[in-house]
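In what follows, a single structure is set out as structure tokens and then discussed.
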Amino acid sequence: MGAFGHRKQIVLFLAAVIVPSSVLVLFTLRMMRQERELSTRRIAEERQRRAVEIGQHLLLRLEKIKLDEKPTADVPGRIPGRSGDKNPELVFTGLIRDGRLVPPWEFDPARLESAERLSRPDFSSRIRQGERAEFEHKEPLQAAQLYGRAMAEAREAVQRAFARLLLARSLAKSGRAAEAVSHYRILLAQPARVRDESGIPICLYAAERLLGWPSGQDIADRLRDVLEENRWPSPVEAHMIDSLLKNLSASSRPPSVINEATACQNTLDPVIRDLERISALQRNFQKYLFLLDGEGKKDGRSPVWTASPEGQWLLGLASSPDGPDSLVVVDLSRAVTALRRDRAFAQIYPEDFLLVAGERQDGTSLGPNFPGLQIVFQPQGKGPHADSTSFLLSLYLILLILVLTLTFFGAYLLWRDVRRDLRLAEMRSQFVSSVSHELKTPLTAIRMFAETLQLGRSKDERVRKEYLETIVNESERLSRLLNNVLDFSKIEKGKKIYRPEPASLGDIVRAASRAFDYPLSQHGFTLRLDVEEGMPPARVDRDGLEQAILNLLSNAMKYSGDSREIGLSLRRRDGWAVIRVSDHGIGIDPREQKRIFEKFYRVHSPENERIPGTGLGLAIVTFFIKAHGGRIEVESAPGRGSTFSLSLPLEDTP
């Protein structure tokens, strides 16, 4: 096959395999990309639908909290989440007056009532008299008498407690510390609802004055009682309690006092954090009021819930037709927890999720009722869309790998076939050249000697006989060459048939040596023949075996180099007849020894380039020996000659 034929093969392969495979690969990649995009879109749509549904459930719960927790001016602001509140997610509710948020501690009725009673004229006039004596005239004893009289004449518990607090202070100033401490201890036992006009429990003032006493257990117990009351303290009161607790924890108190103070501190810390957030919300309330009021129920649209500045609270506006509006504040994380505790909701929406404020790449909007709020679904395995998409992508990937595998496998087969064809074409070209040369030599000799005899130029009978022997031997040489070619052609077509029959191997070996006497003598070779006598017959094709031996002898003569000795032997070994042909010539490299039995193959070396040959002799010998159930072996080394062994099974082994 010429170069054009190989190019044609490659072009056909590209047209029939590579191009369709490339198109299929591109199509598969495109399908995978489209499927991934569709899957992403389906998942986003499904998340949006579920987010809106969850938002509706959340909205219903938040609106119910509005109805349950709407504050009024005569209801104190309590801290949610204590004492079994039914809405634990509620943080606080605050009234809105003149566009200002009124925090829960400011509309506490107890604080307002204390302020009103302490400001009554009959009581407040006596207190002012005592304060003038204490601060203007610097007469603490006179002030103590006035405060004691006010305490005795007071009608309300808060008035008596306030007057006692001032009395204890003036006694301490006048040096009567023991009496002052006794009054402070009485005040420490007062309930937290007894407060001054700022809403601070009077017992806290007494606790401050008693910190210098060793134990502090009664102070710790009193602070615990104050914190257990379900109400919002003012920021001043909270920081006052915080200072007292830190003082108890830092001083050398008994372990029970320190433990009690630590427990109270753990209760107070989240309250202080919430107070700071409420204060920040109060300062920036106008911004949120515009959003809540502009989108609220007043204009007939849906209610709006928005997030606080730090994103931990939800803010909602509760409108009232007969009173001031109010702000309802809900803890975001507790709202999610409360929502998931609903069994019906958990069955419909079993996946875990978070509510976050702001824009997140993995977040989904809850709808127009929750501006700036998103839901983030936590990964809990793959959904149905993800499973189907993963299956399709895996299928596409498998098909792509299969196509590429087949393509590359086909390319490999083509490359191998083209390389084999090129090698065979080269071998055939070399074979034709070698056969032409091999045929030319005997034909030239036959023609030359035949013409000499025809012209009668030689009158010597001995010379004429020599010419005739040369013609005969060259004819036999030509016949062997043609027989090799014909045998190889039959072998290639599968038509070569051997007819084995019992034969004496010694006779066949001797006949082959006689047939090769003339070529050997013409080139100065000596054949050492060694045949073991009494060898049992073997079933062989006589002509085929003789032709095989002649091929080995011909190779031995060609590759003997400067050596002129060839050995031919027949021996019996372990039930086998072994025919050995040896020379002392150029030898064969061990790396080439496995390939010398291939058709057309010749060892590439400078010595071989000068030696004519077809590369068929050993291939024919190998085919013959395998057809008879035997084996062929070679022992050789460069520069030390070669020995070829033909092993044939014997019919009868004694």
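Before moving on, here are some points about what is shown:
- Residue order, fewest to most surrounding Cβ atoms within 10 angstrom, among I272, I596: I272, I596
- One chain, two ends: S394 and R42. Fully extended at 0.36 nm per residue, the span grows by 124.9 nm beyond their Cα-Cα distance.
- Prolate/oblate/rounded label for region 134-189 (Cα gyration tensor, a/c 1.5): oblate
- Model label points for D218 and D68, set 7 angstrom from Cα along the Cα-to-Cβ axis, are 4.2 nm apart.
- All Cα pairs of region 498-649, percent lying beyond 22 Å: 36
- The residues neighbouring V376, those whose beta-carbon lies less than 13 Å from its own, together hold a net charge of -1 under the Lys/Arg +1, Asp/Glu -1 convention.
- Here L406 and E469 are evaluated by their C-beta separation; at R0 = 51 Å the FRET efficiency comes out at 0.20.
- Multiplying the residue separation of R573 and R595 by 0.36 nm and removing their Cα-Cα distance gives an extension gain of 5.3 nm.
- In plain terms, the residue of M31, M151 with the fewest other Cβ atoms within 10 Å comes first and the most crowded comes last, giving M31, M151.
- Using the Karplus relation 6.51 cos²θ - 1.76 cosθ + 1.60 with θ = phi - 60°, the per-residue 3J(HN,Hα) values for region 273-286 come to 4, 5, 4, 5, 5, 5, 5, 5, 5, 5, 5, 10, 5, 4 Hz, with x marking Gly and Pro.
- HN-Hα J in Hz across region 150-166 - Karplus 6.51, -1.76, 1.60, θ = phi - 60°, x for Gly and Pro: 5, 5, 5, 8, 5, 9, 10, 4, 5, 5, 5, 5, 5, 5, 5, 4, 5
- Amide proton proximity set for R97, modelled H, under 5 Å, gap of 5+: V102
- If you take the Cα centroid of region 98-122 and the Cα centroid of region 233-280, the two points sit 24 Å apart.
- Summarising the amide proton neighbourhood of R631: residues at separation of 5 or more, or on other chains, whose placed amide H is nearer than 5 Å comprise S647.
- Taking each of K496/K599; K64/K287; K558/K626; K86/K287; K465/K496; K594/K626 in turn, the alpha-carbon distance tops 27 angstrom for K86/K287; K465/K496.
- Estimated inter-spin distance, E461 and E153, nm [label 7 Å along Cα→Cβ]: 18.8
- Among D68, D196, sorting on how many other beta-carbon atoms sit within 10 Å of each Cβ, with the fewest leading, yields D68, D196.
Here, each number is a calculation from the coordinates, and none is a lab measurement. Nothing here was measured: the structure is a model prediction, and the numbers come from that model. Every residue, glycine among them, receives a Cβ derived from its backbone with ideal geometry; neighbour counts consider all protein chains shown.
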